[in-house]
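S.K.: Below: one structure in structure tokens.
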Amino acid sequence: MSDRTKDARQKHSLNDKKTQWHMAITPAMKLELMEYSQILDYVPERLLNTKALQIDLLIIKKNKDIFIENEIGRIFQHHNIIEYKSPHDKEGINTYFQVHAYASLYKIGEKNTAYEPEDITITMIRRGKPYKLFQWFAEHECKVIEMYKGVYHIQNAGFFKTQVIVARELEEESHIWLTSLTDTLNRQQAENLIVKSRALSDKPEAGYVDAVLQIVSKANRRLFEEIKKEDQTMYKAFVELMQPEIDAAVNLAVNAAVIETTNNITAQNKVEAIENAIKKLNMTKEEACAFMDTTPEQYDAYKQIMIAVNNKKQNGHSGS
């Protein structure tokens, strides 16, 4: 064996962690399957997604031995992966494989942290029943069992305990927060939501209530406008719940208006001063800007602000 061969073997020893073995897999496979080169395409290092893969929600049960009474959480083990589909999103076969892949990647863990499959569960939540997905489960000997109203457990669906939550079918009284996540809320549901929310207004969970109300009221704007017209008492209760968000929005608008006014005044003063220096003192643009402690670029920016303000005023007058 030559010294050159010895050096090569030492350099690419299997025990050498720096060897980039994955770089050899593409040419090696092309050689293995060279008879089929006309019918095979090779895409090395293909990205699975255009952004980092992420789980919608991960719920970790701190003590896995504690039993959860809530129908949705009864399946929970130590690590529980939640995949949520908004009202108009579809949940099909690919969704199942996607979240199953997430669970598999999560099972592997990072570095020395790996989890057992039985410690991980999958929960898929959507508004309506995914008939095609349930049919696919049935065709592949995965039994769909409605354990509770709107809560379906899927048996034989891989290594991870799996359930599908159909929010529309849940008991509204028990699961008002999930059943309210829709843009087709009815009057009774909205009023129940407001009443339930008021009961938590002084509880630590009030912040979560505000977040739900903000989304639901935006998605059901017409309904809440009707409540405003027809039931002032109920609407007043809703406004009281949303007051922190209203105050924040008002403060944001006020601050934006102050900044805009300040910018307009600054721009007008600077532009007028520089143009006066150019005309009356016979200065160049650069000299006038230096005299006013402003760069030519800043002057141009101020001019753009003035143009935008004038256009806004003209549009306002023309629309009145």
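S.K.: Check Thr162: other-chain or 5+ apart residues with amide H under 5 Å from its amide H, H built from backbone geometry?
M.R.: Ile122, Ile154
S.K.: Let me ask something else about it. For Glu146 and Glu226, what does the FRET efficiency come to when R0 = 45 Å and r is the distance between their Cβ atoms, rounded to the nearest 0.05?
M.R.: Efficiency for this residue pair is about 0.85.
S.K.: Moving on. Report for the stretch 49-179 the percent antiparallel among DSSP-assigned beta bridges with both residues inside it, nearest 5.
M.R.: 55 percent
S.K.: Separate question: Once you have the Cα-Cα distance between Lys279 and Lys64, take 0.36 nm times their residue separation minus that, and quote the gain in nm to one decimal.
M.R.: 69.4 nm
S.K.: Pairs Lys62/Lys107; Lys61/Lys143; Lys270/Lys303; Lys61/Lys161; Lys279/Lys303; Lys90/Lys132: which exceed 19 Å Cα-Cα?
M.R.: Working: Lys62/Lys107 17 Å; Lys61/Lys143 26 Å; Lys270/Lys303 9 Å; Lys61/Lys161 15 Å; Lys279/Lys303 16 Å; Lys90/Lys132 10 Å.
Cα-Cα > 19 Å for Lys61/Lys143; rest within.
S.K.: Determine ³J(HN,Hα), in whole Hz, for all residues of the stretch 53-64 in sequence, where each value follows from phi through the Karplus function 6.51 cos²θ - 1.76 cosθ + 1.60 and θ = phi - 60°; x replaces Gly and Pro.
M.R.: So the J values, rounded to whole Hz, are 5, 8, 7, 4, 7, 10, 10, 9, 7, 4, 10, 5.
S.K.: A further question follows. So how much slack lies between Ala308 and Tyr42, counting 0.36 nm per residue of separation and subtracting their Cα-Cα distance, in nm?
M.R.: Going from the current span to full extension adds 90.4 nm.
S.K.: List the residues whose amide H sits under 5 Å from the amide H of Ile125, counting only those 5 or more places along or on another chain, with H placed 1.01 Å from N in the peptide plane.
M.R.: It is Glu83, Tyr84, Lys85, Ile165, by chain and number.
S.K.: From the phi angles alone, apply the Karplus equation (6.51, -1.76, 1.60; θ = phi - 60°) to the stretch 135-140 and give each ³J(HN,Hα) in whole Hz, x where the residue is Gly or Pro.
M.R.: Once rounded to whole Hz, the list reads 5, 4, 4, 4, 5, 10.
S.K.: Along the Cα→Cβ direction, 7 angstrom out, place labels at Leu200 and Ala28. What is the inter-label distance in nm?
M.R.: If labels sit at Leu200 and Ala28, their model points lie 5.4 nm apart.
S.K.: Using 1/(1 + (r/R0)^6) with R0 = 25 angstrom and r between the beta carbons of Glu297 and Gln214, what's the FRET efficiency to the nearest 0.05?
M.R.: For Glu297 and Gln214, the calculated efficiency is 0.05.
Every number here is computed from the coordinates shown, using simple stated rules; none is lab data. If you're wondering where the values come from, they're calculated on a predicted model, not measured in any experiment. With ideal geometry, Cβ positions are generated from the backbone for all residues, glycine too; neighbour counts draw on all protein chains shown.
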